[in-house]
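Down below is the structure, laid out as structure tokens.
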Amino acid sequence: QAASGGGGGAGPCPLLLPVLLLFLPGLAAGPAGMLQPRDTPSRERRELGGLWSFRADLSPGRDAGFAQRWYRRPLRQTGPVIDMPVPASFNDITQDPSLENYIGWVWYEKEVLLPLRWLQGDPAPRVVLRFGSAHYYSIVWVNGVQVVEHEGGHLPFEADISSVVQGSPDTLCRITVALNNTLTPHTLPPGSIQYMPDKSRYPKNYFVQNTRFDFFNYAGIHRPVVLYTTPAAYIDDITVTTTSSDSVAMVQYQVAVVGSTANSLSLSLRDQEGKVVATADGPVGELKVLNPNLWWPYLMHENPGYLYSLEVKMQAQVGEALLEDVYTLPVGIRTVHVTSTQFLINGRPFYFHGVNKHEDADIRGKGLDWPLIAKDFNLLRWLGANSFRTSHYPYAEEIMDLCDAYGIVVIDESPGVGIKLPESFGNKSLQHHLAVMEELVRRDKNRPSVVMWSVANEPASELPPAAHYFKTVIAHTKALDPSRPVTFVTDANYALDRGAPYVDVICVNSYFSWYHDPGHLEVIPVQLTAQFENWYKTYQKPIIQSEYGADSVPGLHSDPPLMFTEEYQQAMLREYHSIFDKKRKEYVIGELIWNFADFMTNQGTTRVLGNKKGIFTRQRQPKAAAFVLRDRYWKIANESSCLPPVITSHSLFL
């Protein structure tokens, strides 16, 4: 899947500005730990969602905001502003076509009043500003003081703003964000700016943003912005891993504390009824759990997604004050193991029957939306899906929380999509990719739903530099987290793929009778069988069909089936399924349909209001293929479940 498109504009490549002029030494995207903000007896959090002031920099060089220092005063004093919802993409909110495809710097601002208790005390609490994500490059000021910059559009970043707000004469906190959505060959995902110098065909200084991925490059503050507090000495990070046998589980833990040496550090593990089942003391150790309730995937157990609560309490002396910090972390006890033919969860074979998704919907773009999230999880369970891949970037923490709670298994993918050009395999790109994997593992390392990391989707892995590149990224990811397998998703020829030797599971995308031999359903059995047999003979590793599918326009019908009709989408799925059923008895361990729902893409001659490969429409209404997949997934669940055969598509979800 590849596309190009973007917005027109004038002047220099907009992303060069912060790199050359504004990258200040000593600024970092947050501390070593990145615990998800939670309300506890020692911590408070406040979401800053709603309407923010917004202004796109329409100057020829997209640099007026920096030249005029818009962050020094309220944004409304710099020129015209509009209201912009947060979280949301800005592209589809207005009637302005230039904003739909805008490339460059946009500015957001929010003024909030802080409680006095956040600003006083000896010592005063630590006040932190956190962004769930903002796409793509962010610079943040508080009361005119730069506090953080961050590269990357899909992972959280934060800044300790205590010294800024506690030194202010009043409780007003003015948050200013400059956000740039430009993609270059070295960003993740990569892209390129193409200038059109032919003045007989294009306006002066015209450029477009080119990308090599098939979804719209939505931009904005996409996830919640939160202010939260901790004591001056606080719990900075927690890492847990779990092992289990028939009747005993061990929860290994490490706790990092910042601000002071802890006088005491205690841990209590509670079950869902609130009963303490294990305790421990100290920053490193393990908790022994007798007769544990294991974390099981949806449809694999009558009580899927079982979560314990790990309460960590720290006391520390800071000056004359004895401070206490409390943090509670959900913990699921489960193991993952890969053999040459199987994927084992808690020692039992697991078959991925799931979907690929996108964070994408009408109007809000990639902005986090609770009604949409709830609808999607209800549809997943209605479908009988037990898993999904976060194609093609990490999803919101709020979504991941529900995967943990509902038992939905996740292949957690980095934003490494569209890595096609040789220059995107160089050291500059590699170092950024390693940093992104560090951020992703740091965020999701404790999630039982995450069973495998995916470092990329459909890269040009047949190119010579791909061998060193993926060997390095995969080894780095394994060093960060030895407890999970690592993969990337390929569409390369099995004999030419230079990254495949380093993965634990082969994930392969193919679109037989669609992009290849379009309209010829009869080629699927031959080509799909050959695909599986060639990959397995070469690598002796289990295989997931990580993408397959066909576009269908809702309400378009033809018999015999023709491309783009609902009947053709159904027929293609059935052809693939017949081969899956043969090979899942051997070494195929999963199938993930492309896609869960229709989604927006760049404009192009093959895209009519986006990609139509969803089994649901963009508005989450089922196409005919959804019922084909639902029948199949519930049949597979009944075949493989340890539950009695009375499981139905209603009994576990309604």
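The values are calculated or read from the model by the stated rules, or taken from the named source; none is laboratory data. These figures come from a predicted structure and were not determined experimentally. Every residue, glycine among them, receives a Cβ derived from its backbone with ideal geometry; neighbour counts consider all protein chains shown. Note: areas computed on protein heavy atoms with side chains; ligands, DNA, RNA excluded. Shrake-Rupley method; radii C 1.70, N 1.55, O 1.52, S 1.80 Å.
Checked against (1) in a strand (DSSP E or B); (2) among the hydroxyl-bearing types (Ser, Thr, Tyr); (3) surrounded by fewer than 22 Cβ atoms within 10 Å (Cβ to Cβ), SER163 meets all criteria but (1).
Scanning region 205-217 for residues that are part of a loop (DSSP other than H, G, I, E, B) and aromatic (Phe, Trp, Tyr) returns PHE213, PHE215, PHE216.
Based on this model, can you work out whether GLU533 counts as open to solvent by 10 Å² or more (accessible area, probe 1.4 Å), in the same structural domain as ALA456 (by the TED database), within 27 Å of ARG620 (Cα to Cα) and assigned to a helix (DSSP H, G or I)? Taking the combined requirement at face value, the residue does not satisfy it. Please verify whether region 276-294 includes one or more residues that are surrounded by fewer than 19 Cβ atoms within 10 Å (Cβ to Cβ) and outside the structural domain of THR243 (by the TED database). The answer is no; no qualifying residue exists. Only one of the numbered conditions (1) in a strand (DSSP E or B); (2) touching a Pro at 6+ places or on another chain (Cβ under 9 Å) is violated by ILE93, and that is (1). Criterion applied to THR171, THR176 was being closer than 20 Å to ARG69 by Cα and in contact with a strand residue (DSSP E or B) (Cβ under 7 Å, 6 or more places away or on another chain), and the one residue passing it is THR176.
Applying the criterion of being assigned to a loop (DSSP other than H, G, I, E, B) and out of contact with any Asp or Glu (no Cβ under 6 Å at 6 or more places or on another chain) to the residues of region 560-583, the residue that is farthest from THR490 (Cα to Cα) is PRO560.
From the list LEU323, LEU294, LEU329, LEU310, the one residue that fits, being at negative phi, of a type outside the set (Phe, Trp, Tyr) and part of a loop (DSSP other than H, G, I, E, B), is LEU294. Here ALA67 meets each of (1) closer than 27 Å to VAL145 by Cα; (2) touching a residue at least 24 places away in the same chain (Cβ under 8 Å) with one exception, condition (2). Of all residues in region 461-479, those satisfying the criterion of being open to solvent by less than 10 Å² (accessible area, probe 1.4 Å) and closer than 17 Å to ARG498 by Cβ are SER461, ALA466, TYR469, PHE470, VAL473, ILE474.
Considering region 218-241, and only residues there that are assigned to a loop (DSSP other than H, G, I, E, B) and under 21 Å from the mean Cα position of the chain (by Cα), the residue that is surrounded by the most Cβ atoms within 10 Å (Cβ to Cβ) turns out to be ILE221.
State whether the residues of region 77-89 include one that is open to solvent by less than 40 Å² (accessible area, probe 1.4 Å) and over 29 Å from the mean Cα position of the chain (by Cα). Yes, there is a match, as at least one residue in region 77-89 is open to solvent by less than 40 Å² (accessible area, probe 1.4 Å) and over 29 Å from the mean Cα position of the chain (by Cα).
So GLN603 fits all but one of (1) open to solvent by less than 10 Å² (accessible area, probe 1.4 Å); (2) touching a residue at least 60 places away in the same chain (Cβ under 8 Å); what number is the exception? Condition (1) is where GLN603 drops out.
GLY285 meets the conditions (1) touching a strand residue (DSSP E or B) at 6+ places or on another chain (Cβ under 6 Å); (2) assigned to a strand (DSSP E or B) in every case but one. The failed one is (1).
The condition (being surrounded by fewer than 20 Cβ atoms within 10 Å (Cβ to Cβ) and touching a strand residue (DSSP E or B) at 6+ places or on another chain (Cβ under 9 Å)) is satisfied by just one residue among LEU113, LEU129: LEU113. Contact map, region 521-539: residues that are within 18 Å of ALA500 (Cα to Cα) paired with residues that are among the hydroxyl-bearing types (Ser, Thr, Tyr) and open to solvent by less than 40 Å² (accessible area, probe 1.4 Å), Cβ distance under 8 Å, separation 6+ or inter-chain. Pairs shown: GLN531/SER510; PHE532/TYR587; TYR536/TYR587. Of all the listed residues (ASP92, ASP96), the sole one being under 17 Å from ALA219 (Cβ atoms), in the same structural domain as HIS222 (by the TED database), open to solvent by 10 Å² or more (accessible area, probe 1.4 Å) and free of Cβ contacts under 8 Å to residues at least 12 places away in the same chain is ASP96.
Scan region 55-68 for residues that are assigned to a strand (DSSP E or B) and touching a Pro at 6+ places or on another chain (Cβ under 9 Å) and the total you get is 1.
Taking region 460-504 as the range and being outside any loop (DSSP other than H, G, I, E, B), over 19 Å from GLU423 (Cα atoms) and over 24 Å from the mean Cα position of the chain (by Cα) as the test, only PRO501 passes.
Applying the selection to region 132-152, what residues are without any contact (Cβ under 8 Å) to a residue 40 or more places away in the chain and surrounded by 23 or more Cβ atoms within 10 Å (Cβ to Cβ)? Correct list: VAL140 only.
Residues in region 180-203 that are over 19 Å from the mean Cα position of the chain (by Cα), crowded, with 20+ Cβ neighbours inside 10 Å and of a type in the set (A, V, I, L, M): ILE193 only. Helices (runs of 4 or more DSSP H) fully within region 337-448 that include at least 3 residues being within 28 Å of ALA460 (Cβ to Cβ), open to solvent by 20 Å² or more (accessible area, probe 1.4 Å) and at pLDDT 95 or above: 427-444.
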